[in-house]
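Right, one structure below, let's go through it.
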Amino acid sequence: MPTFPNLNATQLVDLLRYLKDDSSAATTSTAGDKQEMGSPPAAETALADPKGEAAYKEHCAICHGEHREGIPPSFPMLIGAGQRLTKDQLVGVIHQGRGRMPGFPKLPAEELDSLLRFLGVSDIVSETAEASTTTTAPTFTGYRKFLDPENYPAIAPPWGTLNAIDLNTGKYLWKIPFGTYPELVAKGMSDTGSDNYGGPVVTDGGLLFIGASVFDQKFHAYDKTTGKLLWETELPFSGLATPATYMVNGKQYVVIAAGGGQSSRKPSGGVYIAFALP
């Protein structure tokens, strides 16, 4: 069976409801059909567990989706997690975290059991799920990026720009693609732009310094008047912060915090790097 990572939340819920509630599939049979419907697996019965659902929505839904469908490629689908991982493995991930996911070591035992039951771990089911008669408040289901099958933005580039705007007129003075994907640069695609997080600092001499580009981990200096790239260097981690500039004994420096953390493709760390201006 192939995977369907791009199945949207509405389609997924409709499919699960069809597989669970289609009474004709459960009761209709023919002479040549000797199969019988068994009890639904734990992953399906978990949908009726209000305590587990509440724990999931509080701690997990923001990244993994309201219906455990995941947000590819950053956050995996949790449907069937209880069949892919053992109880101990899931507890370890929840307590210690994994990759971009933080750990929840202080999650109360009762809430942890409810969450595990909701994720389909069958060996801890000890009580019948209570019927929920209360309405639920709206919940945030996470940010969903529109990506193509190769996990690049599914729109025409540039996918990120650096812009100078005249605040007196509101007009653009210049606009350039900003950020690259190193693997696409190697194929001759150097002006795609990319995700960027962090602002610039401008010196009295007209230099604009900015990190911000997620995937190439570059630190750049531009001419603030024209947008021309004057200098760049690669940081050990993406510089997703606004730089600062300062003077020591008459010499000017520019410093940036490089920590990464916005992409699972690149490592994360935590260093401050200062550059001296000539």
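The values are calculated or read from the model by the stated rules, or taken from the named source; none is laboratory data. On a predicted model such as this, the values are computed, not experimentally measured, just so you know. With ideal geometry, Cβ positions are generated from the backbone for all residues, glycine too; neighbour counts draw on all protein chains shown. SASA here: full protein model, heavy atoms, side chains in, ligands and nucleic acids out. Shrake-Rupley method; radii C 1.70, N 1.55, O 1.52, S 1.80 Å.
With a cut-off of 10 Å between beta carbons, the residues surrounding Trp174 carry a summed charge of +2, where Lys and Arg count +1 and Asp and Glu -1. When the C-alpha to C-alpha distance is required to be over 21 Å, the pairs from Lys106/Lys145; Lys175/Lys266; Lys187/Lys218; Lys175/Lys228 that qualify are Lys106/Lys145; Lys175/Lys266. Modelled spin-label separation between Thr225 and Gln83, with each label point placed 7 Å from Cα along the Cα-to-Cβ direction: 6.6 nm. Rolling a 1.4 angstrom probe over the protein heavy atoms with all chains in place gives region 214-278 an accessible area of 55 Å² per residue.
Packing-based ranking of 222-229, 12-19 yields 222-229, 12-19, ordered from highest to lowest mean Cβ neighbour count within 10 Å.
Modelled this way, with points 7 Å down the Cα-to-C-beta line, the labels at Met101 and Val201 are 3.8 nm from one another.
With all protein chains in place and a 1.4 Å probe, the accessible surface of region 210-278 carries 53 percent carbon and sulfur. Taking the Cα centre of region 170-252 as reference, the dipole from Cβ charges on Lys and Arg (+1) and Asp and Glu (-1) amounts to some 260 debye.
Label-to-label distance for Lys145 and Gln252 is 3.5 nm, based on points extended 7 Å past Cα in the beta-carbon direction.
Stretching the chain fully between Asp166 and Phe275 yields a gain of 36.4 nm (0.36 nm per residue, less the alpha carbon separation).
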